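*Asks:* Supplied in structure tokens, the structure appears directly below.
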Amino acid sequence: MGAFYHSIQVFSSGGDKFEIVDALVDTGASYSQVPGSVLRQLGIFPTDTALAELADGRVVEDAIAEARVRIDGRDTFTWVTFGPEDVSPLLGAHALEGVRLAVDPVRRRLIPTGILRMRRGI
């Protein structure tokens with residue numbers, strides 16, 4: 001799949017303001033990553049930590065918090081990691097699933113999708 005970026009809105013903890021972030025769409029990432037300075041500016045502060053495996057195999061401990069994001073007019077609350085300033089923001093699988101969007105790898109865009117349900121009797 002070719003890499004592409006997509007704009008997302010990240011809302012303040014009070015929901016009264018937001019920042020637009022151009023994020024690399026990365027379905028291999030569980031959580032989205034937003035620069036820590038942007039999150040703190042919006043009044044979002046770490047509430048927990050999580051171990052994260054990086055693309056090079058290293059494991060690091062990330063600060064995380066829940067944040068409201070809007071992607072293509074669809075809102076969800078999702079976990080975000082407090083990223084460093086020199087690393088591209090990421091749009092991860094958790095947020096994409098939350099707003100019911102999937103990746104069209106040929107056209108490099110997000111497309112609406114349904115939800116998956118478990119089927120009984122298999």
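*Asks:* Kindly list the number of the only condition in (1) part of a loop (DSSP other than H, G, I, E, B); (2) surrounded by 14 or more Cβ atoms within 10 Å (Cβ to Cβ) that fails for Gly114.
*Replies:* (2)
*Asks:* Still on this structure: If you scan the range 52-76, which residues turn out to be exposed (fewer than 13 other Cβ atoms within 10 Å of the Cβ), assigned to a strand (DSSP E or B) and among the aliphatic types (A, V, I, L, M)?
*Replies:* Of everything in the range 52-76, those that are exposed (fewer than 13 other Cβ atoms within 10 Å of the Cβ), assigned to a strand (DSSP E or B) and among the aliphatic types (A, V, I, L, M) turn out to be Val59, Val60.
*Asks:* Which one of the conditions (1) among the small types (Gly, Ala, Ser); (2) over 16 Å from the mean Cα position of the chain (by Cα); (3) within 14 Å of Ala23 (Cβ to Cβ) does Ser88 fail to meet, given that it meets all the rest?
*Replies:* (2)
*Asks:* If you don't mind, another one. What are the residues in the range 106-122 that are of a type outside the set (D, E, K, R) and modelled with pLDDT of 90 or more, if any?
*Replies:* Within the range 106-122, Val106, Leu110, Ile111, Pro112, Thr113 qualify.
*Asks:* Answer yes or no as to whether Glu85 is surrounded by fewer than 19 Cβ atoms within 10 Å (Cβ to Cβ), part of a strand (DSSP E or B) and not polar (S, T, N, Q). Show your work before the answer.
*Replies:* Numbers: surrounded by fewer than 19 Cβ atoms within 10 Å (Cβ to Cβ): yes; part of a strand (DSSP E or B): no; not polar (S, T, N, Q): yes.
Against the criterion (surrounded by fewer than 19 Cβ atoms within 10 Å (Cβ to Cβ), part of a strand (DSSP E or B) and not polar (S, T, N, Q)), Glu85 does not qualify.
*Asks:* Give the range 89-105 a look and list any residue that's closer than 23 Å to Ala55 by Cβ and either in contact with a helix residue (DSSP H, G or I) (Cβ under 9 Å, 6 or more places away or on another chain) or part of a loop (DSSP other than H, G, I, E, B) (or both), or say none.
*Replies:* Pro89, Gly92, Leu101, Ala102, Val103, Pro105
*Asks:* Report the residue count in the range 52-79 for those that are modelled with pLDDT of 95 or more and within 11 Å of Ser30 (Cβ to Cβ).
*Replies:* 4
*Asks:* In the range 12-54, what count of residues is obtained for those that are within 16 Å of Glu85 (Cα to Cα), touching a helix residue (DSSP H, G or I) at 6+ places or on another chain (Cβ under 8 Å) and among the hydroxyl-bearing types (Ser, Thr, Tyr)?
*Replies:* 1
The values are calculated or read from the model by the stated rules, or taken from the named source; none is laboratory data. In this text, all values refer to a predicted model and were calculated from it rather than measured experimentally. We place every Cβ from the backbone using ideal geometry, glycine too, and count neighbours over all the protein chains shown.
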